[in-house]
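**Q** After the structure tokens below, expect a handful of questions from me.
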Amino acid sequence: DPQNRLVWRHVPQRLEGEVIRDAILTASGTLDATSFGPGSLDANINRRSIYLTVKRSQLVPWLQAFDAPEAVQSIGERQATTSATQSLAMMNSPFVRSRAEKLAKRVRPQADMPLEAAIDRAWLTVIGRKPSATERDGLIAFVRSQAATYGGGPAGEDKGFIDACHLVFCLNEFVYTN
């Protein structure tokens, strides 16, 4: 069924960069939902992406990686590509990292909260469902491994949990629709 007429499979569709950015802000609890008002050239604002001012000489590189519309001419349909730079942008972006830190504080406000419960809350907040046992066990192992590289102890586990929150933002299930 190369034309996908029988709908026996679904071709995943990547969300637009602005939608991904807004979803990250929402999941981290930092979205400023204020309507109206002036736009901004600052890509780190907590307002929705629609309030980012588009200036041809100062495009937002992170959004450009996710096929932001061309600022020079209007187009009828936005092209959606999938490239390695998108994954790298998600993994290395200071914006995504800072929101992962906010998410970690949001879903695990007390350090004595069990790691399993915190992972369940993070997964539910970002992905919209609880993780499977395999996913949870893998993330717990990841947090413990990262904690060891950070020197162990509660501070190491906190940093490892931030890494796990960052990882959940980078999942295909977050960036693509089903």
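**Q** D163: net charge of surrounding residues, Cβ under 15 Å, Lys/Arg +1, Asp/Glu -1, itself excluded?
**A** Residues near D163 contribute +4 overall.
**Q** Relative to the longest principal axis of the chain, what angle (0 to 90°, nearest 10) does the C-alpha long axis of helix 94-107 take?
**A** 50
**Q** Another one. Fully extended, how many nm does the chain gain between Q73 and Y51 (0.36 nm per residue separation, minus their Cα-Cα distance)?
**A** Working: separation 22, 0.36 × 22 = 7.92 nm, distance 1.95 nm.
Gain on extension, Q73 to Y51, equals 6.0 nm.
**Q** Additional query: To the nearest 20 debye, what charge dipole does the chain have about its Cα centre, counting +1 at the Cβ of each Lys and Arg and -1 at the Cβ of each Asp and Glu?
**A** 180
**Q** Now a separate question. Taking +1 at the Cβ of each Lys and Arg and -1 at the Cβ of each Asp and Glu, which of F161, A122, W62 sits farthest along the dipole of the chain towards its positive end, judged by Cα position relative to the Cα centre?
**A** Farthest towards the positive pole: W62.
**Q** Along the charge dipole of segment 1-44, which of L31, A43, I20 sits closest to the positive end, that is, farthest toward it, with unit charges on the beta carbon of Lys, Arg, Asp and Glu (+1, +1, -1, -1)?
**A** Working it through, the farthest residue towards the positive pole turns out to be I20.
**Q** Right, here's the next one. Based on Cα coordinates alone, diagonalise the gyration tensor for segment 106-178, multiply each eigenvalue by 5, take square roots, and list the semi-axes in whole Å, largest first.
**A** They are 21, 13, 11 Å, listed from largest to smallest.
**Q** I need the phi-derived Karplus couplings for segment 142-151: 6.51 cos²θ - 1.76 cosθ + 1.60, θ = phi - 60°, integer Hz, Gly and Pro marked x.
**A** Rounded to whole hertz, the list is 5, 4, 5, 5, 5, 4, 5, 6, 8, x.
**Q** Provide the FRET efficiency to the nearest 0.05 for the R9-K130 pair, computing r from the beta carbons and using R0 = 22 Å.
**A** That gives a FRET efficiency of 0.30.
**Q** May I pose another question? Given only helices, namely DSSP H runs of n ≥ 4 each adding -39500 (n - 2.57), what is the per-residue ellipticity at 222 nm of the chain, to the nearest 500 deg cm²/dmol?
**A** The helix-only estimate for the chain comes to -15500 deg cm²/dmol at 222 nm.
**Q** Could you give the nm distance between label points at Q64 and Y176, where each point is 7 Å from its Cα heading toward the beta carbon?
**A** 2.7
**Q** Find which of T85, S74, A100 sits farthest along the positive direction of the dipole of segment 62-103, computed with +1 on the beta-carbon of Lys and Arg, -1 on that of Asp and Glu, about the Cα centre.
**A** Of T85, S74, A100, it is A100.
**Q** Can you return the aspartates and glutamates within cross-link range of K130? Criterion is Cα-Cα under 12 Å, with same-chain partners fewer than 8 residues away left out.
**A** E116, D120
**Q** If you don't mind, there's one more thing I want to ask. Considering Cα pairs under 8 angstrom that are at least six residues apart, work out the relative contact order of the chain and quote it in whole percent.
**A** Across the chain, relative contact order equals 24 percent.
**Q** Shifting gears a bit: Reachable lysines from K159, Cα under 20 Å, same-chain residues fewer than 8 places away excluded?
**A** Straight-line reach from K159, under 20 Å: K102, K105.
**Q** With each label point set 7 Å from Cα along the Cα-Cβ vector, what nm distance links A141 and T85?
**A** 3.5
**Q** Give me the base-10 log of I(q)/I(0) for segment 35-178 at each q in 0.19 Å⁻¹, Debye formula, one uniform scatterer per Cα, rounded to two decimals.
**A** Rounded to two decimals, the profile gives -1.16.
Laboratory data are not the source of any read-out in this text; all were calculated from the coordinates shown. This one's a predicted model, so the numbers in the text were calculated from it and none came from an experiment. Ideal geometry is used to build each Cβ from the backbone, glycine not excepted, and the neighbour counts take in all protein chains shown.
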